[in-house]
Ligand SMILES: [Mg+2]
């Protein structure tokens, strides 16, 4: 492979724009085009949508100040399960292009695309933009993307044209970019270090890059700063911390109920968790190929079981069938239980279907029409409007508890919605095997 002088190593950095707020806008179309802020539960913005930033809202701003500045701002609570599902999808999309991907943070990753030009019949700039387009098309959110000969340079580049920008910095262009980067905003340079740099007359990244090896030694700069200095001079030093794509991640659902030893009631409670977790997986376009279910006794001890499927799934009936067969190895008759839970693991995108299991896939796909219909009805009329017959006791029990709670407490604002849900509770009584 001939050495590429612009990119002896081609490292791309992807940084999602307004990540949490963007995910909220993708999940709820009513929020699109609006100033949306996450962090409602904290009292301060953890993320501000692109529209909100244009109005002057910023991360860390108190919710009160934001309402004052922008009365129409929509403030939502953080939903970290959804954010991490989007993050995992981002990593796995990048991995479709190269196995060398570093999951740097929930909304950032690095990818090493060195040597892939002939495979994709395009330049490194072309490959980086291909991935950027894929991320946007698949996730519905935009990314700031930077390309450079090292992680340090790529990370500088991705910030330069946000939102949705793409900035390539080939080796020869590094000095011209560094002159505009304040030393304190360099990745890896903290507040107190930047203060020390300033005292030494180092104000920009370029000032630092132009120092000599002797100067670094003289001022006792430790290895991390030396690594940054080398990368500012075009070297590739900071390795990518790549992890294998074993699709780590999970969707968990658990609930506490009035203690019971009734097997039927327990199984129904568990079924409701399974339905909930699977509905969440489908909303995010993912499936899980292994699961865990557990029961929690009144004495707060847990018993559970891990199970695997032959292919990734999001149809609750498949998990119910599997768990039904193993339920009695966990459930002890006569024991009082107070909670149950279900977790979906080994999460992958629903598009990632293994071709050698085609027969199995076809069987599952043919059943999914029904689930799709359930999803659209539930979206229209509220969660659990239509549910599996096996969950019915748990769902109606819940409604009963809500009615009792309501009798005790004053009516709440969103009661109309709950009542709507209550009056059209339709259990689906078909195919539960
Ligand atoms: Mg970001």
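Read-outs: derived from the displayed coordinates by stated rules, not from any lab. Quick caveat, the model's predicted, so the values are computed rather than measured. Using ideal geometry, Cβ is built from the backbone for each residue, glycine included, and neighbour counts are taken over all protein chains shown.
With semi-axes defined as the square roots of five times the eigenvalues of the C-alpha gyration tensor, the equivalent ellipsoid of region 1-124 measures 36, 14, 12 Å, largest first. With each label modelled as a point 7 angstrom along the Cα→C-beta vector, the residue 195-residue 69 pair spans 2.6 nm.
Packing-based ranking of 72-78, 270-276 yields 270-276, 72-78, ordered from highest to lowest mean Cβ neighbour count within 10 Å. Length available on full extension from residue 5 to residue 264: 0.36 nm per residue minus the Cα-Cα distance, which gives 86.4 nm.
Along its principal axes, region 242-331 has C-alpha extents of 44, 26, 22 angstrom, given from the largest down. Of the three principal axes defined by the Cα atoms of region 266-315, the extents in descending order read 37, 20, 15 Å. Calculated FRET efficiency, residue 122 to residue 299, Cβ-Cβ distance, R0 = 56 Å: about 0.35 to the nearest 0.05.
Per-residue packing, averaged as other Cβ atoms within 10 Å, sorts the ranges 332-341, 371-380 into the order 332-341, 371-380, beginning with the highest. Protection proxy ranking of 385-392, 113-120, 219-226, 152-159, by the mean of other Cβ atoms within 10 Å over each peptide's residues and highest first, is 152-159, 385-392, 113-120, 219-226. Taking each residue as 0.36 nm, the span from residue 58 to residue 27 lengthens on full extension beyond its C-alpha to C-alpha distance by 9.0 nm. Compute the length gained on full extension between residue 81 and residue 161: take 0.36 nm times their separation in residues and subtract their Cα-Cα distance, giving the result in nm to one decimal. Taking residue 81 through residue 161 to full extension adds about 25.9 nm, to one decimal. Take the Cα of residue 370, step 7 Å toward its Cβ, do the same at residue 307, and the gap between the two points is 1.7 nm. When the expected Rg is taken as 2.2 N^0.38 Å, what fraction or multiple of it is the alpha-carbon Rg of region 64-111? Here the answer is 1.67, to two decimals. Taking square-rooted eigenvalues a ≥ b ≥ c of the alpha carbon gyration tensor, is region 292-350 rounded, prolate or oblate, where a/c under 1.5 means rounded and, failing that, a/b exceeding b/c means prolate? Note, shape of region 292-350 comes out prolate.
Here the simple spin-label model places points 7 Å from the Cα toward Cβ, and for residue 283 and residue 332 these points are separated by 3.6 nm.
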